[in-house]
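Here the structure comes first, spelled out in C-alpha cells, and everything after it is commentary.
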Amino acid sequence: MRASILILGFCAAACGSKASPADTAVVDDAVLGSDTSELADLGLRSGDDIGVGVVCGENWKQGYCIKFTFHGQKFDGRTFTVQRDLTGTSSTVVFGDTHMQPPAVSLAIHDTWQLGTYKDPLDLNIVLGNLVKAPGFPPFVPQAADYPFSCTPPYLDFSYGNIRYRSTCPGLAGDINVKQWSATPGGQVSGRFAGHLQQFLGANDDCKDATVVAAACKSALNTVDVEGTFGVTLPALNSDLAP
C-alpha cells in the first residue's frame with residue numbers, strides 16, 4: 001500500500017496511484033475504454049435500483065462502468081461510456097487501515113488511464129470511506145444503503161482535461177447506492193451511482209467551513225452528469241494487488 005492518501009481528509013488509508021495500461025480504443029462520442037462492444041445507455045436515475053438485464057449491471061466481480069455527459073466550456077456536449085475490468089491491477093481497489101485505529105477500515109476505487117489517443121488522462125476516484133466505526137473514525141458507509149451526495153464520503157472525484165469534478169459541492173443532486181456491503185477480505189461490495197458533479201477548485205473540502213467549501217466550488221461553468229455501476233471483491237487488507 002503506497003503512501004498517497006486518496007480518501008481525502010476523512011479516511012487515512014494509504015492509497016496507491018499506479019496507472020493502468022493505456023487503452024487503445026479511438027476517442028469519439030461513442031464507446032471508450034477497454035471494452036470494444038457497443039454499450040447501451042444505462043438509463044439510471046437517482047434512487048433507481050440496478051436492473052439485472054442492464055448493460056454494465058451489478059455482476060461486476062472487479063470493475064466498473066461509467067457514462068459521462070459533460071456540460072460547459074471545454075467539453076460541452078461530450079458524452080462517452082467506459083467500462084473497466086480491474087482484475088489483477090495494482091493499487092486500484094484500495095482497502096486498508098493504515099493510520100487508522102482497528103477495526104476501522106476504508107475503501108476506495110482509484111483508476112488512472114489514457115483515453116485512447118487523447119492527450120489528457122482520466123483520473124477517477126470512487127471513495128466509499130470508512131466502512132467500520134472506531135474511536136475517532138466515524139463510519140461513512142456502515143451498511144448497504146442509499147447515500148445522497150454530500151460533502152462527506154461516499155463521493156465521486158475525477159479529473160479530465162486538467163479539470164477536476166466532485167460530487168461534494170453544495171446542492172448537487174445524486175447518490176451512491178451500495179447494494180452489496182462487506183468489510184472483510186474476499187467480500188463483495190457493489191452498487192450504482194447517478195448524479196451531477198461540479199468543477200472543483202482549490203483544496204480538498206472537509207465540511208468544516210461552508211465558506212471554504214463554497215469557494216472551492218465557485219465555478220459552476222463546468223459540470224458533468226454521471227451514471228454507472230461498480231463491483232469489487234475486497235483484497236487482503238492493505239494489499240497492493242486487486243484479486
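On full extension, the segment bounded by THR112 and GLN143 gains 8.4 nm, given 0.36 nm per residue less the C-alpha separation. Peptides 91-103, 139-151 ranked from most to least packed, by the mean per-residue count of other Cβ atoms within 10 Å: 91-103, 139-151. Packing here is the average count of other Cβ atoms within 10 Å per residue, and on that basis the peptides 178-186, 161-169, 124-132, highest first, run 124-132, 161-169, 178-186.
Read-outs throughout are calculated quantities, based only on the coordinates presented, and are distinct from any laboratory measurement. Remember, it's a predicted structure, so these values are computed and weren't measured experimentally. A quick note on method: Cβ atoms are made from the backbone with ideal geometry, for glycine too, and the neighbour counts reach across all protein chains shown.
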